[in-house]
Structures are given as C-alpha cells and as structure tokens.
C-alpha cells in the first residue's frame, strides 16, 4: 500500500485533464518528482458551479475532448486524510482562492460592530483640497547637433591590363616627362612581385596603373 501523504497544502503542476464514466472531471497533477495525484471535480447540479469556478482558475479551454490549461502556473493543492470503508485515503482538491470581498452593506454592519467595541475612528468632515504640484522648471532646448561634413567620394581607379594601358594612365595624371617616377613605380612593382618587367602579367600592370593614380 502506498504511503499516505500527510494533510496539508502542496504545490503542483497539472499534467492531464480527462473525464471518467461518471462525468467527473479528473485533474491529475504532480506534487513532487515521480509523485502524482488526481482531484475529482464532480458535475452534479450542486457541484457544477464550483467545478466551473475551479476550471476557470486553471485556465481550462472548455474542450474536454481536447483539453488545455495553464501549463506554466504552479497551483496549490490541499490534501485531506479521510476514512472510507475502514481504510485511510487521501482526498485532494485545489486550494481555495481566498475569501470573497464583502458587499457594501456587510462592511457597514461590520464597521458598526467595531466602532461599538473600539470606538469610532476620527474621520475628516471635509475632504482636503489636493496640494497643487509645483511646476517643473523648463529646461532650455538643447542646441541642434552640427551638420555632418560631407564625406569625400572615394577615388575610382582605372584599370589596365597591358604596359601601354598603364603608360597611358600614367601620362594622363603625371605627364610624359615624369619618366623617373614611372621607373620608380615599375621598380617597386617588380620588387613586390619578384618579377622582371618583361614578365609582368595583367595583374602587375594593374598595380603599376594603381600606383600611377595614387599621389606621391
């Protein structure tokens, strides 16, 4: 026989909702690792309003054939120990949601009883005027940020695949009399590529053209 859980309140998450042959709603929940219990919510005329209220509290979707509920909330469950046919058993139900707010006339009656015993509390006869809030100081408007300076457009380098095309670009930018600069550029590309001028491929002549278009 399984050990009886002591009377008290236990947190638990709902794992399933089904209906049995007596049309009771059977709510299974987990109270600890590997330990689940079932609460039976009956639907007789006298019990139905309470069952509907509990179903609303757990977020039931209203479809008993394909039920869904609030799967994130950990609800509080109350366990009572009862004797049935000479055997002790557990009786579970979701814990009460708390007392309902009293109606206004009930509050008046209760206040009269408290006043008779404790004495009537002092109550203001007139409602004081609310204090006028002090207007907040107006801060001066912040100066607008300075306009961003326009960015210079990047230079567009021309392409060259041969010595003649590279020389043409060089002459347009430097003039045909800048022969020393041309030799310096060719010598630099030759050193970087480890090739003699006669071995230059289109890639090396492109580098020569690029160097020709850059300011010294």
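Bear in mind that the values in this text are calculations on the coordinates, not laboratory data. It should be emphasised that the depicted structure is a prediction, and the values quoted were computed from it without experimental measurement. We place every Cβ from the backbone using ideal geometry, glycine too, and count neighbours over all the protein chains shown.
Overview of values
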read-out	value
Fewest-first sequence of 68, 105 by Cβ atoms within 10 Å of each Cβ	105, 68
Potential lengthening between residue 4 and residue 78 on full extension [0.36 nm per residue; Cα-Cα distance subtracted]	25.3 nm
Net lengthening on full extension, residue 88/residue 168 (0.36 nm per residue, minus Cα-Cα)	18.1 nm
Ascending count of other beta-carbon atoms within 10 Å, so fewest first, for 83, 73	83, 73
For the range 33-98, the fraction of alpha-carbon pairs in successive 10 Å shells from zero, as %	17, 45, 31, 7
The range 163-213, Cα convex hull volume normalised per residue, Å³	62 Å³
